[in-house]
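For reference, the structure is listed below as structure tokens.
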Amino acid sequence: DNAVVRFDGTTGKLVQNSVVTIADSTGDVAGVGALTASGNLTLSGGTANGVLYLNGSKVATSGSALVFDGTTQTIETAYGNSFFRLQRASVANQYAIFRYGSSAGNYGLTFDSIDGSAVSPSFLWRTSLDGSTFTEQMRLTSTGLGIGTSSPYTKADIVGGKIQVSTAANLGFAGGGAFNAYTAAGARMYFYDDSNVATIGSLKVGGTNALTFSAGGTSEQLRLDSSGNLGLGVTPSAWGSGIKALQVGTGASLINAGNTGDIYIGQNYFFNGTNNIYINSYPSGQYSIASGVHAWFTAPSGTAGNAITFTQAMTLDASGNLLVGATPPPTANFRGFFNGSVASDIISVGVRNTDSSGISRLVLGNNTGTSRCSFGYTGSTSSLYAWGASTGYIGTEGTEPFIFITSGTERARITSGGEVYIAGTTDQGAYNLQCNGTGVWGAGAYVNGSDERLKDDIQSLDSCLNVVNALRP
């Protein structure tokens with residue numbers, strides 16, 4: 001009763017199947033409500049392992065495109081049209097498709113997100129611990145991939161995290177690509193060691209390429225070339241081998257040459273390994289500290305690209321001697337030495353008080369300051385004076401005369417023999433005081449000493465008695 005009948009595959013006779021019965025809730029065949037099988041249901045037609053489904057005519061059908069062998073479910077076609085579709089209920093134009101591409105260059109799993117509405121579809125990765133509350137971890141939109149953000153700004157946008165590249169791995173960019181790091185507060189890049197502790201890392205570029213930095217736009221602000229020279233606001237010049245230079249702007253440089261620690265501060269030049277070269281058509285200068293010696297060099301304006309000939313203008317040597325226009329010092333007795341380059345030079349050491357009523361003076365003294373000799377200017381007159389517990393001296397150390405000059409003309413001199421010439425330069429004989437002019441004027445008494453102790457050339461007089469006898473009383 002209620003048995004399902006079938007046709008025998010050999011005889012074609014109608015056969016009752018006692019295993020499968022059809023019955024409705026009342027036990028009637030009409031209006032079947034349930035199908036009950038007490039054993040396996042065998043179909044003589046269809047595809048082996050094919051999944052049974054109702055086609056458009058509501059006929060149970062199977063095929064090779066959708067198969068299940070009890071372990072693996074497969075969707076397969078020869079032309080890459082096989083797919084697994086997830087459809088939003090009651091919305092025909094919103095669905096997602098998983099498919100396997102079959103054309104060259106497209107092999108692999110393809111995910112298609114379709115949204116026929118105005119909303120741009122996205123591919124979301126979410127996680128949940130309880131199956132009810134989900135946290136978004138990653139989102140792929142038409143703009144790019146966002147990790148930690150639902151609105152990626154670039155092709156790959158990571159917010160609130162970091163990219164970790166393990167040992168022997170590389171992070172590469174091809175075809176002129178770039179790595180962009182940004183935050184609302186400004187760009188930052190951090191480097192970590194293997195212990196994941198913040199530390200100083202390194203940036204490297206291959207070959208002879210330079211490492212460049214930009215700020216406030218795309219214009220280059222800083223360049224580190226393959227020779228290790230750094231240019232701030234400028235491309236470093238072609239410095240010679242073994243030189244490390246920090247070049248700032250159009251002409252300023254801080255230079256280290258070799259392994260001795262010697263340093264140079266340069267203006268408008270670079271050293272190409274053979275010569276110092278003008279960077280711009282402008283004067284050039286150099287300051288160096290080498291082997292304990294401070295030296296200042298100057299060069300007149302020259303043509304950019306031409307070699308420079310520096311002149312050593314001033315030196316502070318390792319012994320503390322200051323030399324201006326001279327190197328080395330003529331004698332070890334000079335702590336400060338000023339030298340002229342031609343015979344007509346007038347060498348001056350100036351001490352000036354910018355207040356016209358003030359006092360300017362050059363002070364010479366001992367190390368305690370208790371004995372001093374000063375040459376000064378009071379605002380109206382010049383004077384030479386000494387104070388302290390010693391006498392001030394002015395003069396020459398050799399056999400040269402000491403000469404007094406006013407208005408560029410010699411007025412008096414003291415010779416090495418102690419004779420004083422006034423208004424003259426020619427020796428008139430063995431006279432300690434020689435005046436060349438209209439005479440000597442004095443407001444007080446003039447005394448001609450006759451004391452034998454004041455005489456230098458004493459001789460006997462001949463025939464003096466005759467002279468005395470000739471005198472008239």
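Couple of notes before you dig in:
- Criterion violated by Ala238 - all others in (1) open to solvent by 50 Å² or more (accessible area, probe 1.4 Å); (2) of a type in the set (A, V, I, L, M, F, W, C); (3) out of contact with any Phe, Trp or Tyr (no Cβ under 8 Å at 6 or more places or on another chain) satisfied: (3)
- Matching option when the condition is modelled with pLDDT under 70, more than 30 Å from Leu254 (Cα to Cα), surrounded by 11 or more Cβ atoms within 10 Å (Cβ to Cβ) and in contact with a strand residue (DSSP E or B) (Cβ under 8 Å, 6 or more places away or on another chain), among Tyr192, Tyr182: Tyr192
- Flag if Ile114 is in contact with a Pro (Cβ under 7 Å, 6 or more places away or on another chain) and either β-branched (Val, Ile, Thr) or modelled with pLDDT under 90 (or both): yes
- Each residue in the stretch 122-142 was checked for being under 21 Å from Ile97 (Cβ atoms) and touching a Lys or Arg at 6+ places or on another chain (Cβ under 8 Å), and 4 of them qualify.
Okay, residues lined up against (1) in contact with a Gly (Cβ under 6 Å, 6 or more places away or on another chain); (2) modelled with pLDDT of 70 or more; (3) among the β-branched types (Val, Ile, Thr):
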{"position": "Ser291", "(1), (2), (3)": "no, yes, no"}
{"position": "Pro300", "(1), (2), (3)": "no, yes, no"}
{"position": "Pro329", "(1), (2), (3)": "no, no, no"}
{"position": "Phe338", "(1), (2), (3)": "no, yes, no"}
{"position": "Val342", "(1), (2), (3)": "no, no, yes"}
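- Any chance Ser288 is among the small types (Gly, Ala, Ser), over 18 Å from the mean Cα position of the chain (by Cα) and surrounded by fewer than 14 Cβ atoms within 10 Å (Cβ to Cβ): no
- Residue that is at pLDDT 65 or above and open to solvent by less than 50 Å² (accessible area, probe 1.4 Å), where the choices are Ser374, Ser416, Ser348: Ser374
- Flag: Ile147 does not match the condition of being closer than 30 Å to Gln286 by Cβ, modelled with pLDDT of 90 or more and surrounded by 14 or more Cβ atoms within 10 Å (Cβ to Cβ).
- All conditions in (1) closer than 25 Å to Leu323 by Cβ; (2) open to solvent by less than 60 Å² (accessible area, probe 1.4 Å); (3) of a type in the set (S, T, N, Q) hold for Gln267, with the sole exception of (2).
- Identity of the residue in the stretch 26-69, modelled with pLDDT under 55 and among the small types (Gly, Ala, Ser), that ends up least open to solvent (accessible area, probe 1.4 Å): Gly27
- Reported count of residues in the stretch 241-261, each being assigned to a loop (DSSP other than H, G, I, E, B) and either modelled with pLDDT of 90 or more or open to solvent by 60 Å² or more (accessible area, probe 1.4 Å) (or both), is 5.
- Any chance Gly424 is outside any strand (DSSP E or B) and either touching an Asp or Glu at 6+ places or on another chain (Cβ under 8 Å) or at pLDDT below 85 (or both): no
The values are calculated or read from the model by the stated rules, or taken from the named source; none is laboratory data. Quick caveat, the model's predicted, so the values are computed rather than measured. Quick reminder, even Gly has a Cβ in these numbers, built from the backbone with ideal geometry, and neighbours come from all protein chains shown. Note: areas computed on protein heavy atoms with side chains; ligands, DNA, RNA excluded. Shrake-Rupley method; radii C 1.70, N 1.55, O 1.52, S 1.80 Å.
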